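Structure record follows, encoded as structure tokens.
Values in this text are rule-based calculations from the coordinates and carry no lab data. It should be emphasised that the depicted structure is a prediction, and the values quoted were computed from it without experimental measurement. Note that we place each Cβ from the backbone using ideal geometry, even for glycine, and neighbour counts take in every protein chain shown.
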Amino acid sequence: MNKTYLISIPLIFILFISGIFLLNLNYEKKESLIVSDIPLFELQTLQKRKIDQSIFEEGEFKLINVWATWCINCKLEHGFLMNLKNQDIKIIGLNYKDDLEKAKKWLIQFGNPYYENVFDPLGDLGFELGVAGAPETYLVSKKNKILVKHIGIMNDKIWFDKFQSFLND
């Protein structure tokens, strides 16, 4: 066999794999979400009060923000959530697979942007919502439907690109 031929096979393979990598590097993930109801649940708040899905039945838009003290990115988006609170956006925190006392201390230390905070230590509600990890944010309609889901850190660009148009309708 020809040496040039033997050398070119691995080279073509490496170029092919590199091409796939470069194409995926700039690929923007389009999250698909089928509009769905808030699942039925009965858990506790961080203050150990019972809470269920009826918190979403008040006829106004709300956000669900999945967060935890172990989540580095949750700390990075926290300032943005505090700004939303100052704009009278009601945010329901979903404290996901976390320690109750650490969560309370975290909110005292960094501020509490949440209207209510559901404590989900086993991740049961998170599982029902389809949570992959923290942070994640969901927009819930006035009719108790999940309209938008964002995986990752919330910021101004995400807010205006994905969420704001629903609030203006």
Requested in this report: Only Lys, Arg, Asp and Glu count, each charged at its Cβ (+1, +1, -1, -1), so figure out the dipole size of the range 38-168 about its Cα centre, rounded to 20 debye.
Outcome: 180
**Report entry** the range 27-119: GluC sites (Glu not before Pro) in DSSP loop, at most 13 other beta carbons within 10 Å
**Finding:** Glu28, Glu31, Glu57, Glu58, Glu60
Query - Full-stretch length increase - Phe166, Phe110 - with 0.36 nm per residue and alpha-carbon distance subtracted - result: 17.3 nm
Report summary line: Relative contact order as a percentage, the range 38-168, C-alpha pairs under 8 Å and 6+ apart, gives 32
Query - Extension reserve of the Glu128-Asp52 stretch, reckoned as 0.36 nm per residue once the Cα distance is removed - result: 26.0 nm
